[in-house]
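Have a look at the structure below before the remarks.
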Amino acid sequence: MRNSVLHENVERFIRYKHSMGYSYVQGEYDLNRYIAYADEHYHDLSIPGSEDVNSFLATLSGKPFSLCNTSGVLREFGRFLIMEGHTSAYVLPPKRTTKPEPEPPYFFLEKEITAFFSECDSMRAYPHLKGREMVMPVLFRLIYCCGVRCQEARTLKCCDVHLEGKYIDICLSKGPKSRRLYITDELSEYLQLYDDKISLMYPDREYFFPGGYGGIYSSSAISANFRNIWLSAGLKRDGKVKPRAYDFRHHFACANIMRWSEEGKDIHAMLPYLMRYLKPDNSDQNLPV
């Protein structure tokens, strides 16, 4: 049974976040999971209560990062409803969930990177995974070559990729912040070849890396594809630190620092450029221009 009032409250909250300049993709996903759970277990629910919120969060107990992030989203949603006058809306107490420690990075060997992308390029086409064999090699190479976050790659829109100008706009990442990434001629040509091919399959696509049905791949799908490619390449994942797609971002940073060191450059002087490339600041939030 659909809780129509709860759905309307969530939609209004998401519009509010959009009006503040947030893309709120992950927040919207978390809220949709919450209302789907409420539809199934709590009929006629209009505003969040302590029982339904805590019951839903209990389903995420084995996923510390999801639990922490979703708790924050539901806390903001409750505060929004109270601001609107729904004084009985439940607001999750602060520090109810402990923020998990970030996973330590995995540092790739060059032979591992070579084997991974060789396996990537040999992916077969599957009818029920339309275009995956084209998307995954390019998506992972973009993360590797530019150090972008996995979320930034999978939510990248076609209108923000400017191959003639050789730059990509990462818009509204980590809040209402954006940045512009200039790319090499080689990467631009590689992305153009991909764009020409994938456009035949998805001529009206919105996202540069379309999912199987023209939307976007979920974060779990990116993780699963990375793991499957890694194992298919004969690479090991039995150490204490497991390799992830996100570790390509760490590799990008370390590779640049090592290159500057070999070139005899002042690393401390170069670090601000690296930080600027990897992380947006408030001055960029009006991109694209």
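Each reported figure results from applying straightforward, stated rules to the coordinates on display, with no laboratory input. Because the structure is a prediction, the values reported are computed rather than measured. Neighbour counts run over all protein chains shown; Cβ positions are idealised from the backbone, glycine included.
Things worth noting here:
- Two numbers describe the Cα atoms of the chain: Rg and Dmax, which are 21.1, 67 Å.
- Computed over the chain, relative contact order equals 19 percent, with contacts defined as Cα pairs under 8 Å that lie 6+ residues apart.
- Peptides 27-34, 41-48, 159-166, 130-137 ranked from most to least packed by the mean count of surrounding Cβ atoms within 10 Å: 130-137, 27-34, 41-48, 159-166.
- Debye, to nearest 20: dipole size of the stretch 58-207, +1 on Lys, Arg Cβ, -1 on Asp, Glu Cβ: 840 debye
- When the charge dipole of the chain is built from unit charges on Cβ atoms (+1 for Lys and Arg, -1 for Asp and Glu) and taken about the Cα centre, the candidate among Gly212, Cys68, Gly239 whose Cα reaches farthest toward its positive end is Gly239.
- Here's the list of aspartates and glutamates a cross-link from Lys197 could span, going by alpha-carbon distance under 13 Å and ignoring same-chain residues fewer than 8 apart: Glu133, Glu189.
- The chain: calculated mean residue ellipticity at 222 nm from DSSP helix runs of at least 4, using -39500 (n - 2.57): -17000 deg cm²/dmol
- Net lengthening on full extension, Ser118/Glu206 (0.36 nm per residue, minus Cα-Cα): 28.9 nm
- Cβ-defined net charge surrounding Phe208, 12 Å radius [Lys, Arg +1; Asp, Glu -1]: -2
- Reciprocal mean inverse distance between Cα atoms of the stretch 39-174 - Kirkwood radius, Å: 19.2 Å
- With a threshold of 21 Å on the Cα-Cα distance, the over-threshold entries among Lys130/Lys279; Lys63/Lys279; Lys95/Lys242; Lys111/Lys236 are Lys130/Lys279; Lys63/Lys279; Lys95/Lys242.
- Among residues other than Phe56 with Cβ under 12 Å from its Cβ, the summed charge is -4 (Lys and Arg +1, Asp and Glu -1).
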